[in-house]
Amino acid sequence: MLHPDTLIRHVSEAIGVGVFATRRIPRGTVTWARDPLDILLPTAQVRDLHPLQQAIVNRYSWREGDRWILCWDHARYVNHSCDANCVGLEVQFEIALRDIEPGEQLTDDYRSLGAFDEPFPCMCGSTRCTGRVEPADLPRIRPLWETRFAAAVVDFHAVAQPLLPFVNASDLARVATSKELSAGHA
């Protein structure tokens, strides 16, 4: 489930639509959490789909192990950025890495998800844009996202969390560990 203070808006002809903040979303806020309504599709089932259906799954979902996750809400429209403002690492939720201002697009670095097989040209427009998004980039960029996640999670308990009911207990325990690590208490 995507943060309630968001909406879908046109980005460009090349990109299509994206998700934008309607109010300020502070750093450390859960911006997305796995929802029981999300659709989990085994890879074997995706392979058996009609090519038109496969194209939709490939565009609007991501792979997690041997299944594809297709969000039921507008979370599936969150676009890639090489300088993303949201991330979630090995947890079933994402947080804002910095304050996201009203009218600003919520973005993920798809490489941090490790959820695609084919490289694609990047159109994020960030000053950190790599020009091409490669699945093999994950090992190189993972430390950056781990550091940014640990820094942002410090604010997790200091900000309103409308999506907290959707964050599972084991992920909350990892937040506590990340918070301790970022504070130097490891």
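The values are calculated or read from the model by the stated rules, or taken from the named source; none is laboratory data. The shown structure was predicted, so the numbers you read here are calculated from the model rather than taken from an experiment. No Cβ is skipped: glycine too gets one built from the backbone with ideal geometry, and neighbour counts run over all protein chains shown.
Quick notes on this structure:
- One residue from Asp83, Asp109, Asp117, Asp155 being in contact with a Ser or Thr (Cβ under 7 Å, 6 or more places away or on another chain), surrounded by fewer than 18 Cβ atoms within 10 Å (Cβ to Cβ), of a type outside the set (Gly, Ala, Ser) and over 17 Å from Val17 (Cβ atoms): Asp83
- Scoring Trp72 on the criteria (1) assigned to a loop (DSSP other than H, G, I, E, B); (2) out of contact with any Cys (no Cβ under 6 Å at 6 or more places or on another chain); (3) surrounded by 15 or more Cβ atoms within 10 Å (Cβ to Cβ) leaves a single failure, condition (3).
- Odd one out for Ala21 among (1) modelled with pLDDT under 95; (2) surrounded by 20 or more Cβ atoms within 10 Å (Cβ to Cβ); (3) farther than 25 Å from Arg142 by Cβ: (1)
- Among residues of segment 7-18 being in a strand (DSSP E or B) and out of contact with any helix residue (DSSP H, G or I) (no Cβ under 7 Å at 6 or more places or on another chain), the one that is surrounded by the most Cβ atoms within 10 Å (Cβ to Cβ) is Val11.
- A search for C-beta distances below 7 Å between a residue of segment 124-135 that is among the β-branched types (Val, Ile, Thr) and any residue that is assigned to a loop (DSSP other than H, G, I, E, B) and surrounded by 14 or more Cβ atoms within 10 Å (Cβ to Cβ), counting only pairs 6+ apart in sequence or on different chains, returns Thr130/Cys82; Thr130/Cys122; Val133/Cys122.
- Hey, Arg63 farther than 21 Å from Ile8 by Cα, crowded, with 16+ Cβ neighbours inside 10 Å, of a type outside the set (Ser, Thr, Tyr) and in contact (Cβ under 8 Å) with a residue 24 or more places away in the chain or not: yes
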